[in-house]
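Peer 1: Just passing along the structure, written as structure tokens.
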Amino acid sequence: MDVKPVSYLLLFIFGTFFLVVYTITRDDYFYTFSKPLFIGVILCFYLVTSYRQIDLWFIFSLLFLGYAGAALLYDNANAHFQTIVATSLGYLIFLRFAWLELRKIPRHRFKYRDLPIVLLLITLLFYIVYSNSVGSLGDLSKVAFIHGCVVITFSSLAFFNFLTIPTKRAMWLMFVAIAFILGDVFFLIYEFQSDILFIRQVNYIARITSHIFMLRFIMAK
């Protein structure tokens, strides 16, 4: 089924509707609940439009990320641990996608000089945020560090793919990486440093756009 770009715009508008409601009501439960709900909408959209060519790895990534959001609905000691682990598993699937895209590129096209620069910049960003949050993370510091390594590896490969051969799929994968980075950075800030409305809004927009970019990537040819 051919999906028109306006469909993705409508998904974004639908997702931002929840953000508007939260901004008005300041209901934290609604804010948390709306994230896995939006992933459910993305999953239904994908199943309806791609019923003949379903990618189970993509579905698993959505399920992991959906559970990551749902885990925060339960106020228990393991909620953040479960969220970070589930998110890492979802990201690992996209690390697999990035690796598969990398393998399609002929080695003589590799731009090796770009990889260290990209890796350094992304690592530096996460180091700054992580170092400011480590005191509040407590027992979560180790699993958060592992999660950061997953994000850094995936993002570096995604950027490297696009800088080497800027295909449409590589472009959407790079956008996924950017949205993942922003979502994680602002999540760490509002959960473990400073809970400011603007920070939550940026985090929410980064999350819903990451899911839309994931969808665009998996459906790009």
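Quick note: the coordinates plus some simple rules give every number you see, no bench work behind them. Note that the structure is predicted; figures quoted are calculated from it, not measured. Cβ placement follows ideal geometry from the backbone for every residue including glycine, while neighbour counts extend to all protein chains displayed.
Peer 1: Please give the peptides 24-33, 38-47 ranked by average Cβ packing (other Cβ atoms within 10 Å per residue), highest first, as a rough proxy for protection.
Peer 2: Ranked by mean Cβ neighbours within 10 Å, highest first: 38-47, 24-33.
Peer 1: Here is a follow-up. For the chain, modelled as a GNM with alpha-carbon contacts under 10 angstrom, which of PHE198, PHE64, PHE97 fluctuates the most?
Peer 2: Per the Cα network of the chain with a 10 Å cutoff, PHE198 tops the list.
Peer 1: How much mean residue ellipticity at 222 nm does the chain get from its helices, if each DSSP H run of length 4 or more adds -39500 (n - 2.57) and you divide by all residues, to the nearest 500 deg cm²/dmol?
Peer 2: Values: 8 runs with 180 residues, N = 221.
Value at 222 nm, helices only: -28500 deg cm²/dmol.
Peer 1: Once phi is turned into θ = phi - 60°, what whole-Hz ³J(HN,Hα) does the Karplus curve with 6.51, -1.76 and 1.60 give for every residue of region 40-46, x standing for Gly and Pro?
Peer 2: Values, residue by residue: x, 5, 4, 5, 4, 4, 5 Hz.
Peer 1: What list do you get for LYS168, LYS35 if you sort them by fewest beta carbons within 10 Å? Each step should come with its number before you reach the end.
Peer 2: Working: LYS168 11, LYS35 24.
Fewest-to-most Cβ neighbours within 10 Å comes out as LYS168, LYS35.
Peer 1: Give the calculated FRET efficiency between PHE30 and LYS168 to the nearest 0.05, with a Förster radius of 45 Å applied to their Cβ-Cβ distance. It would help to have the intermediate numbers written out before the result.
Peer 2: Numbers: r = 35 Å, r/R0 = 0.79.
According to the calculation, E is roughly 0.80.
Peer 1: Each label point is 7 Å from the Cα along the Cα-to-Cβ direction; what then is the distance between the points at PHE12 and ILE59, in nm?
Peer 2: Spacing of the two 7 Å Cα→Cβ label points: 2.8 nm.
Peer 1: Under a plain spin-label model, where a point goes 7 Å from the Cα along Cα-to-Cβ, how far apart in nm are GLN193 and ILE146?
Peer 2: Computed distance between label sites GLN193 and ILE146 equals 2.4 nm.
Peer 1: Starting from 0.36 nm per residue, how many nanometres of slack lie between LEU121 and ARG96 once their C-alpha separation is accounted for?
Peer 2: Details: separation 25, 0.36 × 25 = 9.00 nm, distance 2.17 nm.
Answer, rounded to one decimal: 6.8 nm.
Peer 1: Follow-up. Under the definition of Cα pairs under 8 Å and six or more residues apart, what whole-number percent is the relative contact order of the chain? Present the calculation step by step, with values, prior to reporting the outcome.
Peer 2: Values: 224 pairs, mean separation 48.0, N = 221.
Taking the mean separation of contacting Cα pairs over the length of the chain, I get 22 percent.
Peer 1: What ranking of SER131, SER88 emerges when the number of other C-beta atoms within 10 Å of each C-beta is taken as an exposure proxy, fewest first? Write out the running numbers ahead of the final one.
Peer 2: Values: SER131 9, SER88 20.
Exposure proxy ranking, most exposed first: SER131, SER88.
Peer 1: Same structure, new question: Grab the chain and count how many Lys pairs have their alpha-carbon atoms under 17 Å apart, sequence gap of 8 or more, or different chains. Each step should come with its number before you reach the end.
Peer 2: On the way: LYS4/LYS168; LYS4/LYS221; LYS104/LYS168; LYS104/LYS221; LYS168/LYS221.
Summing the qualifying lysine pairs gives 5.
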